[in-house]
1. Is it the case, given these coordinates, that THR96 is of a type outside the set (D, E, K, R), free of Cβ contacts under 8 Å to residues at least 60 places away in the same chain and either open to solvent by less than 40 Å² (accessible area, probe 1.4 Å) or in a helix (DSSP H, G or I) (or both)?
2. Restricting to the range 157-184, name every residue that is of a type in the set (S, T, N, Q) and in a loop (DSSP other than H, G, I, E, B).
3. Yes or no: the range 255-264 includes at least one residue that is in a loop (DSSP other than H, G, I, E, B), over 27 Å from ALA351 (Cα atoms), in contact with a Leu (Cβ under 8 Å, 6 or more places away or on another chain) and modelled with pLDDT under 95.
4. Answer yes if at least one residue in the range 323-337 is in a helix (DSSP H, G or I), open to solvent by 40 Å² or more (accessible area, probe 1.4 Å), free of Cβ contacts under 8 Å to residues at least 60 places away in the same chain and of a type outside the set (A, V, I, L, M), and no otherwise.
5. Looking only at the range 243-300, filter to residues that are among the hydroxyl-bearing types (Ser, Thr, Tyr) and open to solvent by 20 Å² or more (accessible area, probe 1.4 Å); which one of those is nearest to TRP188 (Cα to Cα)?
6. Filter the range 109-125 for residues that are touching a residue at least 12 places away in the same chain (Cβ under 8 Å) and open to solvent by 10 Å² or more (accessible area, probe 1.4 Å) and give the result.
7. Please go through the range 232-289 and pick out each residue that is charged (D, E, K, R) and more than 20 Å from ASP118 (Cβ to Cβ).
Amino acid sequence: MWLRFRRTAVLVLSCFCLLSQPGFAAEKKNFKVAWSIYVGWMPWDYASQSGILKKWADKYGIVIQLTQINDYIESINQYTAGSFDACVMTNMDALTVPAAGGVDSTALIVGDFSNGNDGIVLKGKGKKLADIKGQPVNLVQLSVSHYLLARALESVSLRERDVKVVNTSDADIVGAFASAGSTAVVTWKPQLAAVSAMTNTTEVFDSSRIPGEILDLMVVNSATLKANPNLGKALVGAWYETMALIAANDAKSAAALGAMAKASGTDLAGYKSQLLTTRLFAAPAEAESFAAGPNIVKSMDLVRTFSFSHGLLGDGARSVDAVGIAFAGGKTLGDPKNIKLRFDPSYMQLAADGKL
């Protein structure tokens, strides 16, 4: 599904390009937001179930419908096709699917980065990363797992041609690694925890070695956000109220985390173990500082370079600069005349300043 979707996205979505330009969307009152299960996105479900999201939507006179999509890739597919106004996704997927497909999108909230939630595990005699050379590696091809592998190989002077990538769905990856023929895997939690718990295995690399490169975002259609800034304010307000609740470390916090754990299919201990390897930006000032800082530009430069080298910026992309990315302070990467992904910390700044 992943590989097929990636290769056809730009062609399928080309007809949406004009509609995606800022300024074409109309003001409206009802909005649809898609999300899928992942440790860093469970607060959205809690915000909806607890009434926090409705409270903020009511404040701005709008209605926000939060919809869970079981298939993460399908959620991005539907957002890109225009079925949703906003969607949670990683920074790499924001670039290579909606942005590369011509849909101008804004990273409204930088929620966290993977700080050990993604990793590489070897089975058998392999005890260090360099031992991966010559081995077949099970992973979701062209995903952040593939990106993590490429970055890991660079750290030990290896290249992708030194291994054999075996495309494996996230649903099948634990079973694949348990089979006799599999000796190396790249995946994310909770699958990472499952494969690491198998006998005679060693985790040899994880995302804490590349901090700030695998980001979890709330992405909004730029035209919709421009025409409806109240949507951005409501989403940001609800998010940081939920973050404050989590950070309180009291009975209400424990209850909220317990609800998130149950909704994600684990217990409180399991969910907390995932949070330990997730660098949450709980405070809006912290998130704004990261989104407005220089490191995010460096990270996106690495991500776009990987994406171009793997053909993820579209068949017509002749260089890494094909898709423009905008950052705070007027900084850009790529074609400034073709900005399709925007990191806008202004709404997070409003939350930090108490102006929502």
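The values are calculated or read from the model by the stated rules, or taken from the named source; none is laboratory data. The structure presented is a predicted model; accordingly, all values stated were derived computationally and were not measured. Quick reminder, even Gly has a Cβ in these numbers, built from the backbone with ideal geometry, and neighbours come from all protein chains shown. All accessible areas refer to the heavy atoms of the entire protein, side chains included, with ligands and DNA or RNA removed. Shrake-Rupley method; radii C 1.70, N 1.55, O 1.52, S 1.80 Å.
1. The answer is no for THR96.
2. Correct list: SER157, THR168, SER169, SER179, SER182, THR183.
3. no
4. There is at least one residue in the range 323-337 that is in a helix (DSSP H, G or I), open to solvent by 40 Å² or more (accessible area, probe 1.4 Å), free of Cβ contacts under 8 Å to residues at least 60 places away in the same chain and of a type outside the set (A, V, I, L, M).
5. Result: THR277.
6. Passing the criteria: PHE113, ASN115, LYS123, GLY124.
7. LYS233, GLU241, ASP250, LYS252, LYS262, ASP267, GLU286, GLU288
For (1) modelled with pLDDT of 95 or more; (2) of a type in the set (A, V, I, L, M); (3) under 24 Å from ALA259 (Cβ atoms), each residue gets a yes or a no:
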{"position": "LYS54", "(1), (2), (3)": "yes, no, yes"}
{"position": "ASP58", "(1), (2), (3)": "yes, no, yes"}
{"position": "ILE73", "(1), (2), (3)": "no, yes, no"}
{"position": "ALA81", "(1), (2), (3)": "yes, yes, no"}
{"position": "ASP85", "(1), (2), (3)": "yes, no, no"}
